[in-house]
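Student: Pasting a structure below so you can have a look.
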Amino acid sequence: MTKTATSPATRASPTVNLHVLGPVLALLLLIALGAWLNPNFLSYGNVTNVLARSAFIGIIAVGMTFVITAGGIDLSVGAMAAFVAGLMILAMNSLIPIMGVGIPVILAGMAVAMVAGFIAGWLNGFLVAKVGIEAFIVTLGSMGIYRSLVTWIADGGTLSLNFDLRTLYRPVYYDGILGVAWPIIVFAAVAILGEILMRRTAFGRHCAAIGANEQVARYSAVNVDRVRIATFVLLGMLVGLATIMYVPRLGSASGSTGVLWELEAIAAVIIGGTVLKGGFGRVWGTVIGVLILSLIGNILNLASLVSPYLNGTIQGVIVILAVVLQREKKAAGAR
Amino acid sequence: MGDAVTASASLGATPGPEGAAAPVLAISGVSMRFGAVQVLFDIDFDLRAGEVHALIGENGAGKSTTMKILAGYQPPSGGQVLLDGAPVDFAGSQQAEAAGVVMIHQEFNLAQQLTVEENIFLGRELRRGPFLDHRRMQAESRALLERLNCAVDPRAAVSDISVPNRQMVEIAKALGREARVLIMDEPTAVLTTRETEILLEQIDRLRAAGTAILYTSHKLDEVARIADRVTVLRDGRHVLTAPASDLSTDRMAEVMVGRELSDLFPPKPLPGDETVLKVEGITIPGLIHDAGFTLRRGEVLGFAGLVGAGRTELMEAIVGLRHAAGRVEIKGQQLAGGSVRAARQAGLVYLTEDRKEKGLLLGKDLTQNLTLLALDRFTNLLIDRQAEAAALDRAITEFDIRAGDRGMNVGNLSGGNQQKLLLAKTMLAEPDIVIIDEPTRGIDIGTKQQIYAFIAALAAAGKSVIVVSSELPEVIGLSNRVAVMAEGRIAGVLEGDEINEQTIVRLAIGMAGSEARAS
Ligand SMILES: Nc1ncnc2c1ncn2[C@@H]1O[C@H](COP(=O)(O)OP(=O)(O)OP(=O)(O)O)[C@@H](O)[C@H]1O
Ligand SMILES: [Mg+2]
């Protein structure tokens, strides 16, 4: 049926469109603002810098979109990233005497990161799905655990990667193909695959179904526990992947690595239009959310119009605005 | 479209029952549209004190919408609502309630996490000083429920009580508000004959006390028994208002559907010999005791029993939705317990009686609901969205689903159309054995006939069907055999001539005892 713009209920559609287009408009607005305030904003260097930095949060936020869509939440990702980075550095450093400085050590380190992410995600998922503890509680607990574990293995200080290995590993963050940095390429690939996974596969549908009404999902032969665990495992592995991209940047990990990443990831998901209660998720929205958050920081740094210390304030306002928009969509949906 | 019928309609000024007063609540020239879809056209309708007015029509005819307009839940797109003859503009249901207009919704409107008592007094809690007076509220709740012969504990959480009991709570809540006008949208859809009887007695009492009552139901014998006047809607248009005494149930059905209806039940196909499902010793402590039965290929097995007899629980245990002791065999293969997926792969599916909480995702569109159970059939790494759209086309035709717009939320479909969608969703899984819990709950008589024909056709095609139903005529009219449950046990399995109302009721209330036979 075609909709004609005559009826009173069409008053609903601008709001819905705003809900869909809102994040996109906000992003475009920010870009315009940035370009206007500082001519360097659109320079190759700055764009690469912003995108590469947002890649870590971005990769994690894509995974977070699935967890939230399925009605969960994961507060542990920042601490998990720090812990995985610590493990990875520890593993690589201790492999050097055996394998020497070379690519195999780095590959082994990457494997450690992925496996550690997998296990950490699975543990969260298992406790939520099988033991039946609230995701909020489980991941609040594991957040504390990973944070203290990484501080412990770093002995309160900083774990540093062997200097020669660091030189070898650096290009993974700083190089790229055709001038596009690796983190950006990986982020883009994760985002595209994530979007397809969410929109076009049974897994994505099942996540949304579970988040919308777990009972209905169960009665519809959806393996609720397995899907729920899978969302946490996916997120854990993406944390592993993000860590792989992050370690070559600084070559170290400490108790303060990845602090507040979880909040930034969750904020990006919400700004992107995913419903915090679950039932509806949008990966492309999350990507926009991530870009919005990092552009705000970037613009504040470049423009010296407002103190960069107010970064958090502005981000917070945007998150709240996004939720208000979500609510209006719901009211317009008139259930 | 049934012009003959419309011609004989006597609009508006039908004489009501003796001494009927002027209308308490009325609508005049009301139309309603949702987006581009118009669902009500120029409706006139009135309610008088001390009168039961029944509103009937097919699924999606606009009954619930009319009621919501009367009760202030939705403002009409055009026309007026008149209270005591003067136009009013209810700003919401609270205002309508304050004016004495109370509505019981087709879909439950209870807060699931709150207790029965808290629900009954929601928004008008009794206080003693600054504190809630729980003792008095409990006592009054209990008294209200007692009037309905309902033994639910006022302190139980609504989520823990059965669907029919929730309906009783809903009715108690309305009774407690001492309404001048009581609007009930399919209150008996989830009730068994006995509970319905109790409800009808309560309606009689309210009518005698001068309450104006608006009532819908797809059970036309009920309408004939209780209504003073009947109004028929078809496709959003007013077709007829007449004294109930002038209309037979057949006539009502005809006017509703706009065509003559032949026999409601198709002939029963003969089942084969092969046993496809064998259930043994299912036990859930406190709910089901050692239940067992068999089902043959091409057979329709009915399950009758009072509410609380454990029929739904037994079926849920069989398909793996509940943990239970016992054994389920499908075509000789034992089914792993506790997995709906395993059951579905073995060709066994279950259609729930609770479409709102367990059957459909109300906030999602038709397609996503339709294919959720059988999504694997549409997935080959990626979901084939064209195939999904085609499946929706087929479902809409086959099950006559009336949706204004295919992209709409399922929660906005009329109740009966939700049920049809749920049926379509279940059948999309291509089961060999299908358990249907209350197949025609909230479905109009024309569609009922289609669903009965559909069940018979399934059986004739070699599928096996279990029909759990609280409507005895349905169980009797469809089934080759009827299992009767009482208090968590299978009290007996009836065959051939034994399948009649008396025998079933006797078994169901635990009178006939020991006649149980396993087959
Ligand atoms: N909020 C809404 N948005 C869009 N369409 C709606 C909405 N509410 C109702 N409709 C449509 O209005 C029509 C009438 O619905 P209504 O619920 O009044 O039917 P009904 O007569 O009560 O049917 P049933 O017997 O199945 O309960 C249906 O086609 C329904 O899809
Ligand atoms: Mg209705």
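Student: Is it the case that some residue within the stretch B:363-375 is in contact with a Ser or Thr (Cβ under 8 Å, 6 or more places away or on another chain) and either within 16 Å of ligand 2 (Cβ to nearest atom) or assigned to a helix (DSSP H, G or I) (or both)?
Tutor: No, the stretch B:363-375 contains no residue that is in contact with a Ser or Thr (Cβ under 8 Å, 6 or more places away or on another chain) and either within 16 Å of ligand 2 (Cβ to nearest atom) or assigned to a helix (DSSP H, G or I) (or both).
Student: Follow-up. Going through the stretch B:175-185 one residue at a time, which ones are small (Gly, Ala, Ser) and in a helix (DSSP H, G or I)?
Tutor: B:Gly176
Student: When the stretch B:193-221 is examined, which residues are found to be within 14 Å of ligand 1 (Cβ to nearest atom) and surrounded by 24 or more Cβ atoms within 10 Å (Cβ to Cβ)?
Tutor: Those that are within 14 Å of ligand 1 (Cβ to nearest atom) and surrounded by 24 or more Cβ atoms within 10 Å (Cβ to Cβ): B:Leu214, B:Tyr215, B:Thr216, B:His218.
Student: Among the listed residues B:Ala403, B:Ala429, identify the single one that is of a type outside the set (Asp, Glu), buried (at least 17 other Cβ atoms within 10 Å of the Cβ), within 14 Å of chain A (Cβ to nearest Cβ) and farther than 30 Å from B:Ala317 by Cβ.
Tutor: On inspection, the qualifying residue turns out to be B:Ala403.
Student: What is the number of the single condition among (1) without any contact (Cβ under 8 Å) to a residue 60 or more places away in the chain; (2) assigned by TED's automatic domain parsing to the domain that holds B:Arg251; (3) hydrophobic (A, V, I, L, M, F, W, C) that B:Phe121 does not meet?
Tutor: Tallying (1) without any contact (Cβ under 8 Å) to a residue 60 or more places away in the chain; (2) assigned by TED's automatic domain parsing to the domain that holds B:Arg251; (3) hydrophobic (A, V, I, L, M, F, W, C), B:Phe121 fails exactly one: (2).
Student: Of A:Ile145, A:Ile196, which residue is surrounded by fewer than 18 Cβ atoms within 10 Å (Cβ to Cβ), in contact (Cβ under 8 Å) with a residue 12 or more places away in the chain and not polar (S, T, N, Q)?
Tutor: A:Ile145 is the lone residue from the list that is surrounded by fewer than 18 Cβ atoms within 10 Å (Cβ to Cβ), in contact (Cβ under 8 Å) with a residue 12 or more places away in the chain and not polar (S, T, N, Q).
Student: Looking for whichever is crowded, with 16+ Cβ neighbours inside 10 Å, of a type in the set (A, V, I, L, M, F, W, C) and either within 16 Å of ligand 2 (Cβ to nearest atom) or in a helix (DSSP H, G or I) (or both) here; the options are B:Ala224, B:Ala291, B:Ala242. Which one fits?
Tutor: B:Ala224
Student: Within the stretch B:423-452, take every residue that is within 16 Å of the chain's Cα centre (by Cα) and hydrophobic (A, V, I, L, M, F, W, C) and give me the one that is farthest from ligand 1 (Cβ to nearest atom).
Tutor: Once the filter is applied, the top-ranked residue is B:Ile436.
Student: Check off (1) farther than 25 Å from B:Val505 by Cβ; (2) away from chain A (no Cβ under 14 Å); (3) not aromatic (Phe, Trp, Tyr) for B:Leu360 and give me the number that stays unchecked.
Tutor: (2)
Student: Separate question: Against the condition modelled with pLDDT under 85 and in contact with a Gly (Cβ under 8 Å, 6 or more places away or on another chain), how does B:Ala21 come out, does it pass?
Tutor: So B:Ala21 fits the description; yes.
Student: What are the residues in the stretch B:321-369 that are at positive phi and out of contact with any strand residue (DSSP E or B) (no Cβ under 7 Å at 6 or more places or on another chain), if any?
Tutor: Selection gives B:Gly332, B:Gly338.
Student: Note down all Cβ pairs under 6 Å where the first residue falls in the stretch B:359-377 and is over 20 Å from B:Gly416 (Cβ atoms), the second is acidic (Asp, Glu), and they're at least six residues apart or on different chains.
Tutor: Filtered contacts from the stretch B:359-377: B:Thr371/B:Glu388.
Student: Within the group B:Leu83, B:Leu110, which residue is surrounded by 17 or more Cβ atoms within 10 Å (Cβ to Cβ), away from ligand 1 (no atom under 16 Å from the Cβ) and either under 21 Å from the mean Cα position of the chain (by Cα) or within 14 Å of chain A (Cβ to nearest Cβ) (or both)?
Tutor: B:Leu110
Student: Considering only the stretch B:342-352, I want to know if a residue exists there that is at pLDDT below 90, more than 8 Å from chain A (Cβ to nearest Cβ), closer than 26 Å to A:Phe280 by Cα and under 29 Å from the mean Cα position of the chain (by Cα).
Tutor: No: zero hits.
Student: Please go through the stretch B:401-451 and give me each residue that is within 16 Å of ligand 2 (Cβ to nearest atom), within 24 Å of B:Ala309 (Cβ to Cβ) and polar (S, T, N, Q), ordered by number.
Tutor: Once the filter is applied, which keeps residues that are within 16 Å of ligand 2 (Cβ to nearest atom), within 24 Å of B:Ala309 (Cβ to Cβ) and polar (S, T, N, Q), the stretch B:401-451 yields B:Gln419, B:Thr440.
Student: Of everything in the stretch A:97-116, what is over 22 Å from the mean Cα position of the chain (by Cα), of a type in the set (Gly, Ala, Ser) and assigned to a helix (DSSP H, G or I)? Give them in sequence order.
Tutor: A:Ala108
Student: Only one residue in A:Arg205, A:Arg218 is surrounded by fewer than 22 Cβ atoms within 10 Å (Cβ to Cβ) and either more than 14 Å from chain B (Cβ to nearest Cβ) or at pLDDT 90 or above (or both). Which one?
Tutor: A:Arg218
Student: Another question, if that's okay. One residue is enough: does the stretch B:74-93 have a residue meeting the conditions at pLDDT 85 or above and within 16 Å of ligand 2 (Cβ to nearest atom)?
Tutor: Within the stretch B:74-93, one or more residues are at pLDDT 85 or above and within 16 Å of ligand 2 (Cβ to nearest atom).
Student: Moving to a separate point now. Going by what's in this entry, would A:Ile177 be described as exposed (fewer than 12 other Cβ atoms within 10 Å of the Cβ) and either farther than 23 Å from A:Gly255 by Cβ or touching a Lys or Arg at 6+ places or on another chain (Cβ under 6 Å) (or both)?
Tutor: So A:Ile177 fits the description; yes.
Student: Only one residue in B:Val239, B:Val257, B:Val223, B:Val181 is over 30 Å from B:Leu110 (Cβ atoms) and modelled with pLDDT of 90 or more. Which one?
Tutor: Of the residues listed, the single one that is over 30 Å from B:Leu110 (Cβ atoms) and modelled with pLDDT of 90 or more is B:Val239.
Student: Can you find a residue that is in contact with a strand residue (DSSP E or B) (Cβ under 7 Å, 6 or more places away or on another chain), in contact (Cβ under 8 Å) with a residue 60 or more places away in the chain and closer than 24 Å to A:Leu193 by Cβ anywhere in the stretch A:67-86?
Tutor: yes
Student: Would you point out which residue out of B:Arg394, B:Arg377 is more than 9 Å from chain A (Cβ to nearest Cβ), under 29 Å from B:Lys278 (Cα atoms) and surrounded by fewer than 17 Cβ atoms within 10 Å (Cβ to Cβ)?
Tutor: The match here is B:Arg377.
Student: Could you list, in sequence order, all residues of the stretch B:138-174 that are in a loop (DSSP other than H, G, I, E, B) and either among the charged types (D, E, K, R) or without any contact (Cβ under 8 Å) to a residue 60 or more places away in the chain (or both)?
Tutor: B:Leu148, B:Asn149, B:Cys150, B:Ala151, B:Val152, B:Asp153, B:Pro154, B:Arg155, B:Ala156, B:Ile161
Student: Of the conditions (1) farther than 24 Å from B:Glu498 by Cα; (2) within 17 Å of the chain's Cα centre (by Cα); (3) part of a loop (DSSP other than H, G, I, E, B); (4) not small (Gly, Ala, Ser), B:Asn417 clears all except one; give me its number.
Tutor: Just one mismatch for B:Asn417, condition (3).
Student: Just give me the residues in the stretch B:51-80 being near ligand 1 (Cβ under 8 Å from one of its atoms) and among the aliphatic types (A, V, I, L, M), in sequence order.
Tutor: Passing the criteria: B:Ala61, B:Met67.
Student: Let me ask another. Given the stretch B:440-519, what helices (runs of 4 or more DSSP H) lie entirely inside it while holding 2 or more residues that are within 25 Å of B:Gln418 (Cα to Cα)?
Tutor: Hits in the stretch B:440-519: B:445-460, B:472-478.
Table: residues versus (1) surrounded by 24 or more Cβ atoms within 10 Å (Cβ to Cβ); (2) in a helix (DSSP H, G or I).
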site: A:Gly58; (1), (2): yes, yes
site: A:Gly63; (1), (2): yes, yes
site: A:Leu75; (1), (2): no, no
site: A:Leu95; (1), (2): no, yes
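The values are calculated or read from the model by the stated rules, or taken from the named source; none is laboratory data. As the structure is a prediction and not an experimental result, all values here were calculated from the model. Positions of Cβ are backbone-derived with ideal geometry, glycine not excepted, and every protein chain shown enters the neighbour counts.
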